[in-house]
Every structure is written in structure tokens, then in C-alpha cells.
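Before any comments, here is the structure.
No value in this document is a laboratory result; all are computed from the given coordinates. Computed from a predicted structure; not experimentally measured. As a convention, Cβ positions derive from the backbone with ideal geometry for all residues, glycine included, and neighbour counts pool all protein chains shown.
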Amino acid sequence: MRRSHACRDLELQLRGYRLATAEIVYHLPDHPGILQSFVWQQYDLAPEFPRLRRFVEWWEAHLDGRIHSVRVACARRVVVPDWRRGHLFELR
């Protein structure tokens, strides 16, 4: 039986992975003066970010758009969702 994504995500978090979001700003291949952004999101190990580094290396080897900059945000720890009244909806 396949594990759910939530179970896999929790397992990664317990092993030290954090949800990392990277904004990759790159030059358009046909118009190098124009910048565009791409958002990448994966569970990764901060502060080295090996998955993100592999993705950037793959990008540089296989895509024509030269990377201008990479900005990373990362969740710090496992958090319990905040379930307060009013945030849920009722099905009638």
C-alpha cells in the first residue's frame, strides 16, 4: 500500500528536512535583457540545500535561460496546524 504524501512529508521533516521555496530569476534565452522567475519547492536540508543545488546544476546543464539569482526561504521546524473555530467550513 502506498503511503500518503502527508506521511512521507512528515517523515522527511522528522529526518531534518524543511520545506524550501526558491525563486529562480533567469534571463529569457531569446531576450537576455528580460528577466523571468520560476518557483521551485521541495523538502531539502538547510543550510546546504543539496536538492536545490542539484536542480540548479541540472538547469545550467540543460536549459538555455542563464540564471540571474536564486532566493531561498525555508520553514524552520515541524509545526502543528492551527485548527481554530471559524477557519473550517461546514458542508450542509
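Cα-based radius of gyration for the range 5-74, normalised by 2.2 N^0.38 Å, reads 1.26.
Ranked by how many other Cβ atoms sit within 10 Å of their own Cβ, fewest first, the residues Trp40, Trp58 fall in the order Trp58, Trp40.
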